[in-house]
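Just so you know, all these numbers are worked out from the coordinates, no wet-lab data involved. This one's a predicted model, so the numbers in the text were calculated from it and none came from an experiment. In this analysis, Cβ positions are derived from the backbone assuming ideal geometry, glycine residues included, and neighbour counts consider all displayed protein chains.
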C-alpha cells in the first residue's frame, strides 16, 4: 500500500479518536428556563466539562441531575421528566456553613455534610437549595467552562449572589 494512504488513514483515525474524547469530556448544553437570569437566558448555550469534582468551589456554575422526585411534585415544575439536567451556581460545599437563606431547608444542620452540596439560582425566584436542601455531589455532571458572552466571577456566598443580581423575575 501507498505510504500516503496509510498516513491519511492514520491521521483520520487519530482525528476521530480525538473528537470522541473531546465529546466525552465536554458537553454542549442549551439553557431553558429563567432561574439563572441574568447570567444565562433561555436559549443560551454553555460548554460543560465533566468530571471536575475536585476543582469545585463556591460560585462555580454547574450542571446537575434534576432532583425529579422533588420537582415533579411542585406545580412550579410541571412535566419534569427523568434524565433532565439543571444549571445552578454552587452556594456551599461539604464542610461549609449552610448559607443563611438556606437554613430552613437544611433543618438542624449548620454545616454541609460530606458528599453533599447546596445550589443557588441567580434569579431569586428560581428553585434552589432554599427549596431543595442538600444535594449529592455525585449528581454533578460538570462545571460550565465557556459560553458566548459569558461574564461571571465566582461569588463567595449566596447572599453576595443575590446582592449582585437582584431579585429578578421568572
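List of remarks:
- Summarising the label geometry, the points placed 7 Å from Cα in the beta-carbon direction at residue 100 and residue 30 lie 4.1 nm from one another.
- Annotation for residue 3 and residue 111: the two label points, set 7 Å from Cα along the Cα-Cβ direction, are 6.5 nm apart.
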